[in-house]
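Presented below is the structure to which this report refers.
Derivation of every value follows stated rules applied to the coordinates shown; laboratory data play no part. As the structure is a computational prediction, the values presented were derived from the model and not from experiment. Virtual Cβ from ideal backbone geometry, glycine too; neighbours counted across all protein chains shown.
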Amino acid sequence: MKRLLGVAVMAATIAGGDALADAQRKRPTLLTRKLPKVAPGAGLWAHVFWRGGTTTATSLRVTVKAPKDYVVQYPDARSHTSLSGGPTLDVGELDFTSFKVTPPVTAGKQNARLELTLEWVADGKKKKRKHRVRLPVRPNRGDAAEMVCDVVGPLAPGGGGWVHIDFEGHERVTGFKVVVTDPGACGIVYPGGRTYTGLAKDSTLDVGEMDYCAFRIETYGMTEGWHDLALEMRYLEDGATAETVVPLALSCLVSTDTRAIAPSLTTTAQQVTSTDRSLTLRLAAGATHGYKPFQMLGSLAGSDTPTTVGGMNVPLTTDAFFLKTLRRQSVRPVADGVGTLDESGRATATFALRQRDFPTLTGTVYHFAYVVYGDAGVEFVSNAVPVVVGR
């Protein structure tokens, strides 16, 4: 009798998990978890991207709750923000909501958390869900080193895997190491049984150099979804005797969905403006693709309908711009969009607009991804990232 009861409980648990997964697929998905850096007292027009679920969402609106003394403003002085294309998010559609956030001038270096309340109507019923987005507040001096991407995964539940976190040097630092200070529900294993992880090449990070740290995340007993880890980046600046400690945060996706790939293409910002007219596209395909040729592809039509290239699906919708990037070695406004990855499978490209481009391109959203070629054709495809042209 006990055995039958246990089987029944297990079946009910699995059914409940399936129902939860179905509900998550129906609702809109938040794609932006971290905003560009902003200095204390400076205003930032943030663009937060959403992807539609399996059910159309109407009357969609977002309100933002920020820490004390932060100022939040919405377009047209409204009490909320909505999608750029109207308040409806169709099935699988990609769109963004905009708002302006200004930290107080007294704000120090911190990762401010913004709470986004998403409200919409689906199947005739009102829905509501809260999300958190991280806003890095950094004084203009900036850190001597920067973590390039703060998202890893997916890692399978009941197991785990090794993750690689990229760092870029802004000043020359030595003795570089990373420690996970709060792993949450995760278990952490460092290389060689150490109590920290270091850079792959050596403990020095020079100006403009890219390197990575690795450690293993154990996911036994963890539920599917996003999990936050707190880290510390530690290093010595030139001439300093005291160690600089910089708090960081990392989001880990635990999922059995192999389609949810970890970002292998990231950008230094989400938008270009008439003031900041360029940004860097960072490619990180992994050491198994070191020294192999890559090609950056783009689309102005979005990323909802993948295009097959060399037998693999590239998450970009075919349009004239896509075909132009596919056929040519170099296409403006991207420089160095075709080249060879370094030994660790990394490269950079630059997106840059001219001042005279902004009157006609303001509001345009470019979408980029890249492919890596091997002996048999395309052997790696990155995720897609949007770049917004602002005022």
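Under the combined filter of DSSP loop state and at most 11 neighbouring Cβ atoms within 10 Å, the range 156-242 retains none of its GluC sites (Glu not before Pro). GNM on the chain, C-alpha springs below 10 Å: top fluctuator among GLY339, GLY193, GLY161? Maximum among the listed residues: GLY193. Dipole magnitude for the range 145-254: computed about the Cα centre from +1 point charges on Lys and Arg Cβ and -1 point charges on Asp and Glu Cβ, it is near 440 debye.
For the range 340-377 versus the range 36-104, the spacing of their alpha-carbon centroids is 25 Å.
Where the alpha-carbon atoms of the range 29-137 are placed on the principal axes, they occupy 46, 24, 20 Å, in descending order.
Each helix, a run of at least 4 DSSP H residues, gives -39500 (n - 2.57); summed and divided by the residues of the chain, these come to -3000 deg cm²/dmol at 222 nm.
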